[in-house]
Amino acid sequence: MVVDKEGYLALIEYLTEHLSLFITQTGDTGEETIEDVVTDMIASNIMMVFEQNPELESDTRFQLLKEADAVVADLGEVLAKTWESKATNEQISFLEDYIGLIKNLFDSEIAQ
């Protein structure tokens, strides 16, 4: 659905181009790890997709949840070295934008 599309692969490449943001752990941090932030943001965005598309059949919803799990797993692989680290404000800001772009991929796929 999404993870096998060119747009998603381009986003993974974009993330790898910005890995330096995650390698340096400078800046204010909260209590949440990068894993917590990613998981919460993905879950929130998938819930938003469901709310915006109440007509989605249960099979499609299930497929979207599987895709969301795959996205989290991919992000976990790319960010493996810092996955358990406390997230900085700059990292959170990047992840908000990045995960918003992933949501756009889901929205586009549903619109087709």
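The values are calculated or read from the model by the stated rules, or taken from the named source; none is laboratory data. Computed from a predicted structure; not experimentally measured. Note that each Cβ is placed from the backbone with ideal geometry, even for glycine, and that neighbours are counted across all protein chains shown. The accessibility values were calculated without ligands, DNA or RNA, using every heavy atom of the protein model including side chains. Shrake-Rupley method; radii C 1.70, N 1.55, O 1.52, S 1.80 Å.
A few comments on the model shown:
- With N the number of residues in the range 1-64, Rg(Cα) / (2.2 N^0.38 Å) evaluates to 1.45.
- Enclosed volume per residue, in Å³, of the convex hull spanned by Cα atoms of the chain: 90 Å³
- Degrees between helix 58-78 axis and first principal axis of the chain (Cα, 0 to 90, nearest 10): 20 degrees
- When Ser20, Ser93 are compared by accessible area at a 1.4 angstrom probe, the order from most to least is Ser20, Ser93.
- Nearest-10 value in Å² for the accessible area of Phe62, using the 1.4 Å probe: 120 Å²
- Using a simple spin-label model with pseudo-atoms 7 Å out from Cα toward Cβ, Ile110 and Leu56 lie 0.5 nm apart.
- Nearest-10 value in Å² for the accessible area of Glu96, using the 1.4 Å probe: 110 Å²
- Rg to Rh quotient for the range 37-95, alpha carbon positions, Kirkwood Rh: 1.06
- Among residues other than Val2 with Cβ under 13 Å from its Cβ, the summed charge is -4 (Lys and Arg +1, Asp and Glu -1).
- Using only side-chain charges placed at the Cβ, +1 for Lys and Arg and -1 for Asp and Glu, the dipole size of the chain relative to its Cα centre rounds to 100 debye.
- Mean separation of Cα contacts under 8 Å, 6 or more apart, over the residue count of the chain: relative contact order %: 50 percent
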